[in-house]
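The numbers here are math on the coordinates, done by the rules we state, and not lab data. The shown structure was predicted, so the numbers you read here are calculated from the model rather than taken from an experiment. Cβ: placed from backbone, ideal geometry, glycine included. Neighbour counts: every protein chain shown.
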Amino acid sequence: MAEGTVLLQAKRRTQVGKQVVKAMRHRGTLPAVVYGEKASSVACSVDQKAFVTLLHEHGRNAIINLTMENGDGHATLIKEIQRHPVGGHILHVDFHRISLTQKIVVAVPVEVVGTAAGVRNDGGILEHLLHEVEVECLPTEIPERIVYDVSSLGIHDIVHTSDLVAEGDVRIVTESDRPVIMVVPPTVRRDEEEEEEGAEEAEAAEEELQEPEVIERGKRDEEEDEA
């Protein structure tokens with residue numbers, strides 16, 4: 001097993017169909033498939049608890065040595081995880097075979113650290129627009145995340161993909177002009193103030209409309225008393 005890979009046991013499966021898959025999930029196993037690298041697809045299953053633990057501890061971009069019961073092993077990445085639309089639990093996993101000596105393109109999360117000056121000093125709002133970028137690198141050099149320190153950002157400052165830096169022999173392939181992070185003026189607060197001012201103006205206008213009516217009614221009452 002290559003350095004940096006994670007071992008996951010798998011079993012080949014020959015039976016298919018909704019009832020078969022339902023029974024598998026009930027037993028705590030996940031249906032899966034392995035494909036890619038110009039080889040035939042292999043239908044298999046993995047232990048659900050082991051896969052969830054692997055996902056939690058190593059993330060989506062872990063290199064997984066998927067080992068079958070006959071000893072065959074496949075260096076893979078998680079290509080797709082299908083989840084239940086309501087419950088959110090995992091229904092199916094697609095593994096993609098990879099070569100450890102060939103570069104691949106994968107999505108890597110962008111993590112923001114620090115507090116922007118425009119937020120700290122001017123009450124601005126930090127907007128994190130792009131949470132992932134695609135990078136090209138060897139499978140063994142996939143970064144866990146790309147970190148950007150926003151401490152120096154002021155109001156109206158924008159960070160584009162071209163401003164991000166990935167360590168090692170990693171090339172960011174997402175379009176360079178894509179906005180990733182920006183600091184905007186406190187428009188939400190301004191809108192709230194405008195709403196409050198508008199409510200006060202409406203209340204004052206209502207009072208002005210009611211006042212002549214009260215005066216006029218008082219006049220009529222006085223005239224009736226004199227009559």
Hits among lysines - C-alpha to C-alpha of Lys38 under 18 Å, sequence gap 8 or more where chains match: Lys79, Lys103
Region 104-185, relative contact order [Cα under 8 Å, separation at least 6], %: 40
Difference of contour (0.36 nm per residue) and Cα-Cα distance, Ile158 to Glu57: 33.1 nm
Extended-chain gain in nm, criterion 0.36 nm per residue less alpha-carbon gap, Thr67 and Glu136: 22.2 nm
Additional length obtainable on full extension of the chain from His26 to Ser41, 0.36 nm per residue less Cα span: 3.0 nm
Among beta bridges that DSSP assigns inside region 81-175, antiparallel share in %, nearest 5: 75
Those GluC sites (Glu not before Pro) in region 41-102 that DSSP places in a loop and that have at most 14 other beta carbons within 10 Å: Glu69
Efficiency of FRET between Val173 and Asp149 - r from beta-carbon atoms, R0 22 angstrom, step 0.05: 0.45
